[in-house]
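Here's the structure we're looking at; comments come further down.
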Amino acid sequence: MAAASGLAVDERTRPPLPWAPLLKDALLAAVIAALLALPLVGLQTYDIGGGALGIATHFDWVAWGAAAVFAGRLALRLLPQFRTGRRGTGPAPISRLTAWAGRQAVPITLAGIALAAALPFLPFSSRYLIDLGTTVLIYVMLGWGLNVVVGLAGLLDLGYVAFYAVGAYTFGLLARDLDFSFWEALPFSGLVAASFGILLGFPVLRLRGDYLAIVTLGFGEIIRIVLLNWASLTGGPNGIGGIPRPSFFGLAFARSAPEGVTTFHQFFGLEFSPDHRVIFLYFVILGMALITNLFTLRIRKLPLGRAWEALREDETACRALGINPTNVKLSAFAIGAMFGGLAGCFFATRQGFISPESFTFIESATILAIVVLGGMGSQMGVVLAAILLVSLPEFGRAFAEFRMLIFGAAMVAVMVWRPRGLIAHREPTVWLGTRRRAARIAP
Amino acid sequence: MTNPSESKEPLLTVEHLTMRFGGLTAVDNLSFAAYRDEITAVIGPNGAGKTTVFNCLTGFYRPSAGRLAMNVDGEALRLERLRGFKIARRARIARTFQNVRLFAGMTVLENLVVAQHNPLMAASAFSIAGLFDLPRFRAAERAAIDRARYWLEKLGLLENADWVAGALPYGAQRRLEIARALCTEPVLLCLDEPAAGLNPRESAELNNLLLAIRAEEGIGVLLIEHDMSVVMGISDHVIVLDYGRKIADGTPGEVRADPSVIKAYLGEDEAASADEAVFVAPAEAGAQGQPQQPTALPPGLGSDGPVSA
């Protein structure tokens, strides 16, 4: 009772709104918007024929825009004025939701896997949906691989796409020059990419944070530019084509197989359908991604995984405890790179054609965004973020040129409301008590 | 007072240690020894080079000159020749830091398990046996958790084992850092200002803890401390540094009476007039009703007096 009446008093004695500074602030924002919009929106060039350009003015657009900014800014500043005192003391609903998701990780994961496995056979599924699912799963696998380096070991890597490229080109070259099949080349792609991970690891051992990011960014570009310019080996900008498709235990996915090879539909007595291969590819990447996840979840609970996390928390303390930071860092780079290479190998066999164009910086940025948006170190967060980041531009196709705008706005929104990522829950790797008496998580 | 350590073989022998940073000589020709089953304190005014000595001992700095010999299981190791991270493993020196350095995002128990990284890594066959959860690894992990539990119990942290380390109160974080250092099974424990930021009660508990470690674990403790109730109360042996040089070395009683120590703490002019006056100041801590004042505290010396001067 007392508390309730106290609250009511607060409501009544709310100080008057400081209108003058609010209006001034909104006006300032509107003026800045108008100044910016004047050349960008207010002036439009058009062709007046004969190769000359005319200028059309749209000052009314500028005015509308400035008015919208004024209103928006005012609303934004007014919002907290009305919200004070009404906020609950408990955590936000979304935090409670993610904490619950963290506790129910096992059933949610199983349900997710079941859904992913059933996707190609659902009534509404289509070839387009399965293709999209395959792309999402490639990014999930890349996200999980990068999560080892960035999320667990805390080493900011902006050149992760280099390992993806190394894996893809390893398979491309092995297939072109030595007639390797996908399954034969897969382990080599992983190994070569892991070696490149160690190669990158050595020069950056002493670097942290921003400096590390810049060097890894450079490494990613070096790989791409070498691929582009070493035309005698890699085919340069023309890339490598005719990369073989994967077989199902030796059974090819083709309408008619060459002499001596059985095709998948012949063997199982099915009608030939091009969808078989698409569905098979989907399951291959689903399996590869799940193995990546299992491996990461397991290694997190091993001394190596704990050392990665300890290194992220405090490298100096690690050294004082006798942990060799060099080995720990190199193993993180190597294992992260290996998964990137394996995903690259799959990418090559799925596309059938690779060129340096597929391995630009924007790919690295997307994968990093998946890890950061998902919540560093969170496996489930990576899945959510990959679905969001890969499928959002797809579903946004209806908005044509605005889709990247929506994409960017969604990223900003996530970072504003969930600054530590969608799922910021960290599950301890070892418990003394039972899980019921669960950990106290830092606020 | 006779020093029983004279007859024993030292655990750590530092000879002519010199550390220069460009033109600045932080530690100048320092020699001392630390013994098993003893608490050796290194004190001195701010900037005297105490932490630099620790950083040389634990491999964070490479000394400009000098010999750092560690006697582990009958084997003589030269610390200045070991790579930094090997000192904890081979020379079995563990340390804590002046500003607590925990793995703040991990739980208390995880902090202690990480400290046992090297034996666990070997047991997991560099993760191969661990990946398949072989019995050998599982047994090693159980042993590691048992050791962690032992130290958690000793340091009164058992209730907080599954807490995130960063969420612990400050005093508990300090204790956790000591527990983590002890989990590496050291023969020499280097504590850099373990009582900094502790209240008098926690500081007295720390005294008892260090005495218990010395008595029961049979390891040497090397201590940097400003809190005189800790230094004078429990150390067997005090080394005083000023501007990188050793100005006194002996039992707490000898050091307290040494005129050069008083001069270093109080400055030349005031030393003559102030004399013992400042050393009396901490008595007020007792007046505020601190029943836990360590019994071994020599008269006239209490918390922080000389440092705040």
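Quick note: the coordinates plus some simple rules give every number you see, no bench work behind them. Just so it is clear, the structure is predicted and the values come from calculations on it, not from any experiment. Note that we place each Cβ from the backbone using ideal geometry, even for glycine, and neighbour counts take in every protein chain shown.
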message = From the phi angles alone, apply the Karplus equation (6.51, -1.76, 1.60; θ = phi - 60°) to segment B:179-184 and give each ³J(HN,Hα) in whole Hz, x where the residue is Gly or Pro.
response = 4, 5, 5, 5, 5, 7
inquiry  = Just to check I understand the Karplus step: with θ = phi - 60° and J = 6.51 cos²θ - 1.76 cosθ + 1.60, what whole-Hz values come out for segment A:143-154, glycine and proline as x?
reply    = x, 5, x, 5, 4, 4, 6, 8, x, 8, 7, x
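I'd like the GluC sites (Glu not before Pro) in segment B:21-130 restricted to DSSP loop residues with at most 14 other Cβ atoms within 10 Å, sorted by number. Numbers along the way, then the final one.
Details: sites: B:E38, B:E75, B:E80, B:E110; in loops: B:E38.
Passing sites in segment B:21-130 do not exist.
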request  = Write down the radius of gyration of segment A:308-408 and its Dmax, each obtained from C-alpha positions, in Å.
outcome  = 17.7, 57
ask   = Taking the highest mean first, how do the peptides B:47-55, A:54-62 order by number of other beta carbon atoms within 10 angstrom per residue?
value = B:47-55, A:54-62
Dimensions in Å of segment B:1-132 - Rg and Dmax from alpha carbons = 17.6, 60
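Need one value for B:117-124: mean number of C-beta atoms belonging to other chains within 10 Å of its residues' C-beta atoms.
Working: counts 11, 6, 2, 5, 9, 1, 1, 4.
What the average comes to for B:117-124 is 5.
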query = Working from the pairwise distances between different alpha carbons, so that the mean of 1/r is found and then inverted, what is segment B:103-185's Kirkwood radius in Å?
reply = 12.9 Å
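So if the hydrodynamic radius of segment A:254-354 is defined as the Kirkwood radius over C-alpha pairs, what does Stokes-Einstein give as its diffusion coefficient at 4 °C and 1.567 mPa s, in µm² per second?
Working: Rh = 17.0 Å.
Using the Kirkwood radius from Cα pairs, D works out to 76 µm²/s.
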Shielding by partners, peptide A:298-311 (average Cβ within 10 angstrom, other chains) = 6
query = What base-10 log of the normalised intensity I(q)/I(0) is obtained for segment A:14-83 from the Debye formula, alpha carbons as equal point scatterers, at q = 0.20, 0.29 Å⁻¹?
reply = -0.80, -1.16
task = Calculate I(q)/I(0) for chain A by the Debye formula, one identical point scatterer on each C-alpha and no solvent, and give its log10 at q = 0.08, 0.09, 0.10, 0.12 Å⁻¹ to two decimals.
result = -0.62, -0.76, -0.90, -1.13
key: Interchain or long-range residues, amide H under 5 Å from B:L222's placed H   = B:T40, B:L189, B:C190, B:L191
query = By a straight-distance test (C-alpha under 23 Å), which lysines pair with B:K8 as possible cross-link partners, with residues fewer than eight away in the same chain excluded?
reply = B:K246
key: Packing-based exposure ordering (other Cβ within 10 Å, fewest first) of A:I225, B:I213, A:I367, A:I108   = A:I225, A:I108, B:I213, A:I367
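Partner chain Cβ atoms within 10 Å, averaged over the residues of B:180-191 - can you pull that number for me? Spell out each step's value before the answer.
On the way: counts 3, 3, 0, 1, 3, 0, 1, 0, 0, 0, 1, 0.
Partner Cβ neighbours, averaged per residue: 1.
Which longest uninterrupted range of chain A lacks any GluC sites (Glu not before Pro) assigned by DSSP to a loop state (not H, G, I, E or B) and surrounded by at most 15 other Cβ atoms within 10 Å? All intermediate terms of the calculation are to be shown ahead of the outcome.
Details: sites that count: A:E259, A:E271.
Free of exposed loop sites, the longest segment is A:1-258.
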ask   = Which lysines does A:K329 reach when only Cα atoms under 25 Å apart count, and residues fewer than 8 places away in its own chain are ignored?
value = A:K301, B:K86
message = Taking the alpha-carbon distance from B:K263 and a cut-off under 17 Å, which aspartates and glutamates remain once sequence neighbours fewer than 8 residues away in the same chain are dropped?
response = B:D242, B:D249, B:E254, B:D275, B:E276, B:D304
key: Note, ³J(HN,Hα) from phi for segment A:375-390, Karplus 6.51, -1.76, 1.60, rounded to Hz, x at Gly and Pro   = x, 4, x, 9, 5, 5, x, 4, 4, 4, 5, 5, 4, 5, 6, 8
